[in-house]
1. For the stretch 124-280, with only Lys/Arg (+1) and Asp/Glu (-1) charged at the beta-carbon, what is the dipole magnitude about the Cα centre, in debye rounded to 20?
2. With springs only between Cα atoms under 10 Å, which of Thr232, Thr260, Thr334 fluctuates most in a Gaussian network model of the chain?
3. How would you classify the stretch 153-254 from its alpha-carbon gyration tensor, with a ≥ b ≥ c the square roots of the eigenvalues: rounded for a/c under 1.5, else prolate if a/b is greater than b/c, otherwise oblate?
4. Give me, ordered by chain and number, the residues 5 or more places off Phe262 or on other chains with an amide H under 5 Å from its own placed amide H.
5. Once you've got the GNM for the chain with C-alpha springs shorter than 10 Å, pick whichever of His142, His349, His357 has the biggest mean-square fluctuation.
6. Looking at the stretch 111-191, which GluC sites (Glu not before Pro) are in a loop (DSSP not H, G, I, E or B) and have at most 10 other Cβ atoms within 10 Å?
7. Quick check on the chain: helices-only [θ] at 222 nm, where DSSP H runs of length 4 and up contribute -39,500 (n - 2.57) each and the sum goes over total residues. Nearest 500, please.
8. Multiply the residue separation of Tyr394 and Leu340 by 0.36 nm, subtract the distance between their alpha-carbon atoms, and state the gained length in nm to one decimal.
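Any read-out appearing in this document is the output of simple, stated calculations on the displayed coordinates, not a laboratory observation. What you see is a predicted model; the values in this text were computed from it and never measured. In this analysis, Cβ positions are derived from the backbone assuming ideal geometry, glycine residues included, and neighbour counts consider all displayed protein chains.
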Amino acid sequence: MNGTTADESKKPDLKIKCGPTSWEGCAEVECLQEGITQNEQLPSTINDVELPEWKRILRESLCYAKDLAERFGLSPEEESEIREVIRRYPMRANPYYLSLIREKGDAIWSQCIPSKEELQDPDGLEDPLSEERDSPVPGLVHRYPDRVLLMVSNYCAMYCRFCTRKRRVGDPRKYVPRAQIMEGIAYIKEHREVRDVIISGGDPLMLEDSQIEFVLKKLREIPHLEIIRIGTRVPVTLPQRITPELCEMLKKYHPLYINTHFEHPDEITEESGRACGMLADAGIPLGNQSVILKGVNDDPKTMKRLMQKLLMIRVKPYYIYQADLTKGTSHFRTKVKESLKIIEAIRGHTSGLAVPHLIIDAPGGGGKIPILPEYVLSVDDEKIVMRNYKGHLYEYPA
Ligand SMILES: *Cc1c(COP(=O)(O)O)cnc(C)c1O
Ligand code: SF4
């Protein structure tokens, strides 16, 4: 029996991964076997069949370097490099998202599998958008006149290697306590100019339905709050999380908008299409924000196809972003000129509905700035000279 006592076998198995997230985060910091992971609260006594599908999928996630080595056969050197990365920036590669990988190093792989380059970025910024500076209360960012960002969760169904909030997502020591959310809600209540709240994180849909509903209900009690938005990547990385029960609950809190985050046409699958369809059927308008990432989607053809395919699953492209200057993500960065070429290749060449705004979120908290290709060649008192999407010139009286 290898000296195992009855008592020891009753201890919760801290190696059980990726159970439901709780408000209070990870009480057992000792469970950080390879540094930072996520809270792992799932008691080993819970029977598999009682768990919803999305939690079963999450529980099977690869979170450690040794998991990757077993699955993909890394050399000992590669394994130890990846272990170092995970110590700093957690990994959670869930089986659904992993199943979309076609080959090592493809667009799906680079989004979810750590790379040693994450630790080779001396010039990157921890908090590129100075969100901490614009936080009047912890977990709330108030940068624009009439809307705020409210973080309600620090966990995600998959940790994107390019994440802007890489400095904190997935770190159980930075979990979002319930009291902090209440403080954020109180701030919104006191600030009558706030008519729009974006519930963000981490991923808000990593919370239990009842926890999400608690937040929505509290927010809807605020008379001056007009619209609620949820920012979530769950429809892409764990579409099984979108259940009929979740949709029934969400639709009680209209006007409610969801922005999701597809990066590549390969992420549009039967499952993610179904998830978006269910949300759309619940009356929730869906938008999409993508980041332009080197080796993932940084060419006009891929991006145009992604925008078209989004429309087929009833998602309206909203923004595409130049990547932020986040520390640990320099290997994903592209040139602004190339981004302009992408937007030029979409505008006019396909449905206007497929054209998002190209945005640079200015470092230091300047906020989102739209970047446009030049269509106006000159304008004076007499006329405007413009070019169309094919480059032909036209005049119009000013
Ligand atoms: C992106 C963002 C918003 C929302 O911007 P919209 O252009 O209205 O979508 C609000 N607050 C912060 C801090 C943001 O980063
Ligand atoms: S889902 Fe969003 S918050 Fe979470 S890791 Fe990905 S980009 Fe970051």
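1. 320 debye
2. Answer for the Gaussian network model of the chain: Thr334.
3. Numbers: a/c = 1.92, a/b = 1.28, b/c = 1.50.
Taking the square roots of the gyration eigenvalues as a ≥ b ≥ c, the stretch 153-254 is oblate.
4. Long-range HN contacts for Phe262: Gln289.
5. Residue with maximal mean-square fluctuation among His142, His349, His357: His349.
6. Answer in residue order: no site qualifies.
7. Here the helix-only value at 222 nm equals -8000 deg cm²/dmol.
8. 17.3 nm
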